[in-house]
Amino acid sequence: MQEKQITRQQLANQAGLRPSTVSDLCNRPVQRIYLSTIATLCETLDVSVSDLFVIEPAD
């Protein structure tokens with residue numbers, strides 16, 4: 001989002017997602033995410049899946 005210079009609200013609108021969904025994905029670790037949501041975010045932001053995620057080792 002920073003590279004594209006768009007806000008969470010703008011991303012939600014462009015992707016057709018609820019603003020709370022985008023906010024949750026940005027603010028906290030998630031346990032589950034729909035593949036369709038990942039695909040929508042990748043398409044909207046024009047990025048690959050690996051660009052979206054940071055995988056941290058479990059404690």
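The values are calculated or read from the model by the stated rules, or taken from the named source; none is laboratory data. What you see is a predicted model; the values in this text were computed from it and never measured. Please note: Cβ atoms are built from the backbone with ideal geometry, for glycine as well, and neighbour counts cover all protein chains shown. With ligands, DNA and RNA removed, areas are computed over all heavy atoms of the protein, side chains included. Shrake-Rupley method; radii C 1.70, N 1.55, O 1.52, S 1.80 Å.
In order along the range 7-18, phi translates into HN-Hα couplings of 8, 4, 4, 5, 4, 4, 5, 5, 8, x, 10, 5 Hz, rounded to whole numbers, per the Karplus curve 6.51 cos²θ - 1.76 cosθ + 1.60 with θ = phi - 60° and x for Gly and Pro. Using the Cβ of residue 36 as centre and a radius below 15 Å, the other residues enclosed give a net charge of +1, where K and R count +1 and D and E count -1.
Please work out the average accessible area per residue across the chain, using the 1.4 Å probe convention, and give it in Å². Numbers along the way, then the final one.
Working: 5020 Å² over 59 residues.
Accessible area per residue, the chain: 85 Å².
Labels on offer are (i) 4, 17, 30, 26, 15, 5, 2, 0; (ii) 4, 16, 31, 30, 12, 5, 2, 0; (iii) 4, 17, 23, 21, 17, 10, 6, 2, 0, and the one holding P(r) over Cα pairs in 5 Å bins from 0, in percent computed from this structure is (ii).
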